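Structure first, commentary second.
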Amino acid sequence: MGATRILMVDDEEDLELLVRQRFRRRIRKGEYEFLFAHNGKEALEALEENPDVHLVLSDINMPVMDGLTLLGQLEETKPDVKAVIISAYGDMDNIRTAMNRGAFDFVTKPVDFNDLQITIEKTLKHINALEQALKNRDRLVAIRRELDVAKQVQLSGVPAELPVGDAFGVHAIMNPAKEIGGDFYDFFELDEHRLGLVIADVSDKGVPAALFTMITRALLKSSSRRHDSPARCLHEVNEFLCQDNDACMFVTVFYGVLDLRDGSFRYSNGGHNPPRHLTEDGAVSELPLTGDFALGIADGHDFGENLVTVVPGDALFLYTDGITEACNHQLDEYGEDRLDGVLGDGAPMNARELAESVVGSVERFVDGATQFDDITCLSLRLRSPSGSAGANGSQ
Amino acid sequence: MTNKTQLTIRTEQDEKAVILCLAGRVDGTNANVLDEAVRDKIDAGQPALLFDFEELEYISSAGLRVLLLAARRMQAAKGKTLFCGLSEQIAEVFRVSGFDHILPVFGTRSEALATV
């Protein structure tokens, strides 16, 4: 620790000598270092040149700029500088004014140097506490910034733009809960005929969930380029996620590959809510589970796979439990029946209308009650060759 | 009375196992409470831990994670973790997430305790 630098402001040269003399031990030991100014203006200049000075000892009556004016300036421009007023005994009016202008304390002339010493130490303690508080505040700001980064990470867990195809329309909505959640979806073109659809939900919230989300998405994307079979991909991702997973974090993942040439949709479901298959006439059915469990729980598991055929005009709707478990003020759940009701609603809807209808219906149901989980869905509709309203429209 | 929004944890000591009776809801807001309660029981050195879900209405994935952690810890301590009394809804959560493949689930307490 270097010397504490203190600025003494007084037009009497005597005081400067006196201070040097009385504090000589502390000055020699390197505890205090005094700077001197002879009026308020000089003081402000000295503070400008020496930003490490946080303690000012000032007289009141001085030429050019007096102590009270100096205090006013300090209060406005240098909130981290604390001033102790040194003024004549009996000058109580000025001392009151000085205290009202933010002086930290005062000592009276003739100066009792023991008292001045105690006052200096007391003021320095206060300054240090202030500095600490500022540092803590800055740290808090830094943490908040980190949380913002985590939020960005979460949002980067989904494609910025969904591809548009002649044969299909696709739309996704993700409304994250207030806390950083762990939902993500993905949609990619494996080649010109095959589309990959992913929806997933991590078991936790906050920064760890955001990171787990990012890892899972990257692993799955990488696997999908190497293996055609969704079951094989989930197996591979699961093996990775199970390594050193002491936190027991897990992620439910649905991954399917749709081949536009024959409408075959091959999927594997790692413990996720079953997506829905919608036909053009409004029938809604669950895609049967594949008998698997969430990823990250147990390694060595061979994932199962199902195959369904999707024909032009059909739609697929993938969602997370943030939809079905959304609660209203009475804590009733939105539930699967309401979901299926919207999906099977007579009016044929394109991909965007499907997603928006469901999310809109959930929002009306919860009626402003606090959202605890991310609300995420991904819908895809194959265009009908007849070009009927339901199958049209890409976004 | 159990408030619908809250989680109540009642502990019963059987000669074979400690039984944790959960009532209400386990979600992201109170999963840590359950985690602490479970840790305490495991640290106290129980040969078996039975979760009775008779009065449990809802469990979120954050809650499932706590159960998984409990099972892992018990396994490390050479103990068993068992579950009984799942409502239809919670049984469905176990089925969809595949937890019923990993955690031993029984219909009733006595069925569960018979395996200890």
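See the values below:
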item: Hypothetical label at A:SER357: residues of region A:259-285 whose amide nitrogen lies under 12 Å (7 Å Cα-Cβ projection); result: A:278-284
item: Reach of A:LYS122 by Cα under 27 Å, taken over lysines that are not fewer than 8 positions away in the same chain; result: A:LYS29, A:LYS41, A:LYS78, A:LYS82, A:LYS109, A:LYS135
item: Nearest-20 debye value, region A:104-173 charge dipole, Cβ charges on Lys, Arg, Asp, Glu; result: 160
item: Derived scalar couplings ³J(HN,Hα) [region A:283-300; Karplus, 6.51 cos²θ - 1.76 cosθ + 1.60; whole Hz; x for Gly, Pro]; result: 6, 10, 9, 7, 7, x, 4, 9, x, 10, 10, 4, 7, x, 8, 9, 8, x
item: Coil-residue GluC sites (Glu not before Pro) of region B:7-46, DSSP, other Cβ within 10 Å capped at 10; result: B:GLU15
item: Trypsin sites (Lys or Arg not before Pro) restricted to DSSP loop in region A:191-277 with at most 15 other C-beta within 10 Å; result: A:ARG261
item: Residue among A:PHE240, A:PHE106, A:PHE168 with the largest mean-square fluctuation in a Gaussian network model of chain A, springs linking Cα atoms under 10 Å; result: A:PHE106
item: Cα gyration tensor shape for region A:159-382, rounded if a/c is under 1.5, else prolate or oblate; result: oblate
item: Amide H within-cut-off set for A:GLY313, under 5 Å, with H built and near neighbours excluded; result: A:LEU382, A:ARG383, A:SER384
item: Other protein chain Cβ atoms within 10 Å, averaged over every residue that makes up B:51-63; result: 3
item: Averaged over A:196-205, number of beta-carbon atoms from partner chains that fall within 10 Å; result: 3
item: Inter-label distance for A:ASP112 and A:LYS135, nm, one decimal - labels placed 7 Å from Cα along Cα-to-Cβ; result: 3.4
item: Residue among B:ASP35, B:ASP27, B:ASP43 with the largest mean-square fluctuation in a Gaussian network model of chain B, springs linking Cα atoms under 10 Å; result: B:ASP43
item: Contour minus Cα-Cα distance for A:GLU33 and A:LEU190 (0.36 nm per residue); result: 49.4 nm
item: Assigned charges on the beta-carbon of Lys, Arg, Asp, Glu; region A:159-382 dipole about Cα centre (debye); result: 440
item: Whether chain A is rounded, prolate or oblate, judged on the alpha carbon gyration tensor where a/c under 1.5 counts as rounded; result: prolate
item: In order through region A:199-206: 3J(HN,Hα) via Karplus (6.51 cos²θ - 1.76 cosθ + 1.60), integer Hz, x for Gly, Pro; result: 9, 8, 8, 8, 6, 9, 10, x
item: 5 angstrom amide H check on A:VAL9, placed H, neighbours 5+ away; result: A:ALA37, A:LEU57, A:SER58, A:ASP59
item: Ordering of A:351-358, A:123-130, A:59-66 by burial proxy (mean other Cβ atoms within 10 Å per residue, highest first); result: A:351-358, A:59-66, A:123-130
item: Estimated distance in nm for a label pair at A:GLU75 and A:CYS242, the labels positioned 7 Å out from Cα along Cα-to-Cβ; result: 7.0
item: Burial ordering of A:ASP201, A:ASP93, fewest other beta-carbon atoms within 10 Å first; result: A:ASP93, A:ASP201
item: Theoretical ellipticity at 222 nm over chain A - DSSP helices of four or more residues, -39500 (n - 2.57) apiece, nearest 500; result: -12500 deg cm²/dmol
item: Positive-pole candidate from B:ALA62, B:THR11, A:SER58, dipole of the protein assembly as shown, charges at beta carbon; result: A:SER58
item: Length released on extending from A:ASN50 to A:GLU286, taking residue separation times 0.36 nm less the Cα-Cα span; result: 77.7 nm
item: Modelled FRET efficiency - R0 51 Å, B:ASN32 with A:ARG26, Cβ distances, 0.05 increments; result: 0.50
item: Selection of trypsin sites (Lys or Arg not before Pro), region B:69-116, meeting DSSP coil and at most 10 other Cβ within 10 Å; result: B:LYS78
item: Separation of alpha-carbon centers, region A:179-246 and region A:72-123, rounded to whole Å; result: 64
item: Sorted by Cβ neighbour density within 10 Å, fewest at the top, the residues B:THR81, A:THR216; result: B:THR81, A:THR216
item: Under 5 Å, built H, 5+ apart or other chain: amide partners of A:MET65; result: A:GLY40, A:LYS41
item: Antiparallel content of DSSP bridges confined to the protein assembly as shown, in %, to 5; result: 60
item: Inter-label distance for A:ARG261 and B:SER110, nm, one decimal - labels placed 7 Å from Cα along Cα-to-Cβ; result: 6.1
item: Average beta carbon contacts from partner chains per residue of A:287-298, 10 Å cutoff; result: 4
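We did not get these values from a lab; they are worked out from the coordinates using the rules stated. It should be emphasised that the depicted structure is a prediction, and the values quoted were computed from it without experimental measurement. Glycine also receives a Cβ, built like all others from the backbone with ideal geometry; neighbour counts cover every protein chain displayed.
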